[in-house]
1. Residue by residue through segment 1-43, note down the ones that are surrounded by fewer than 21 Cβ atoms within 10 Å (Cβ to Cβ) and part of a loop (DSSP other than H, G, I, E, B).
2. Take the residues in segment 128-153 that are out of contact with any helix residue (DSSP H, G or I) (no Cβ under 6 Å at 6 or more places or on another chain) and either touching a residue at least 60 places away in the same chain (Cβ under 8 Å) or among the charged types (D, E, K, R) (or both); name whichever of them is farthest from Lys27 (Cα to Cα).
3. I need a count of the residues in segment 5-24 that are within 15 Å of the chain's Cα centre (by Cα) and not charged (D, E, K, R).
4. Go through segment 124-173 and count every residue that is in a helix (DSSP H, G or I), β-branched (Val, Ile, Thr) and under 18 Å from the mean Cα position of the chain (by Cα).
5. Could you identify the single residue in Leu41, Leu117, Leu67 that is touching a residue at least 12 places away in the same chain (Cβ under 8 Å) and closer than 11 Å to Ala11 by Cβ?
6. Conditions first: (1) polar (S, T, N, Q); (2) within 21 Å of Gln51 (Cβ to Cβ); (3) in contact (Cβ under 8 Å) with a residue 60 or more places away in the chain. Asn97 passes all but one, so which condition is the exception?
Amino acid sequence: MFKIEDSLVVAVDFQVRLMPAMNDCEKVEKKSEMFIRGCRLLDVPILVTQQYTKGLGDTLPSLKEALDEFEHIEKVVFSCCGDEGFVKKLEESGKKNIIVMGIESHVCVQQTVLDLLLRGHNVYVIADCISSRSETDHKYAEMRMQQAGAVITTAESVLFEFILSADHPKRKEISNLVK
């Protein structure tokens, strides 16, 4: 179990020129938007990365809207942990539970997850908020991340774990989001 105050979300490279090539891209985008809206309702901090924005474009408009105000972390390395700016923000957050979502599962997401585990974080991967172009790459990336120690879970599961009970003041809003 994890708590909001110990958690940080990392949204990896949800970019306009990359997303259309992903397997189940509409479904992943919809779940990711819902999850981000839920995290915003609950004041869970979110770090957003963009890989080589000049070539791959900006963050998806639907996610930008859900995020409201944010500054992305520009990177050219595959693992977010290979970027000084990302590592600085991660360390400044002081969070031990890192919840990862993004694309592609077998490249930037997987390398980030493996590096976060090596850095001693508890890592949770949102299965319905990650994707790759190839279903095979996606499947084996999930398996590798889990075998390395990451917990594979879902967006809805995390949001309900954040609120813990039906008595939570934001329960109704979260319930409406996941419908």
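1. Met1, Phe2, Lys3, Val16, Arg17, Asn23, Asp24, Leu42, Asp43
2. So the residue we want is Arg144.
3. Qualifying residue count for the region: 9.
4. The total comes to 1.
5. Of Leu41, Leu117, Leu67, the one residue that is touching a residue at least 12 places away in the same chain (Cβ under 8 Å) and closer than 11 Å to Ala11 by Cβ is Leu67.
6. The number of the failed condition is (2).
Quick note: the coordinates plus some simple rules give every number you see, no bench work behind them. Just so it is clear, the structure is predicted and the values come from calculations on it, not from any experiment. In this analysis, Cβ positions are derived from the backbone assuming ideal geometry, glycine residues included, and neighbour counts consider all displayed protein chains.
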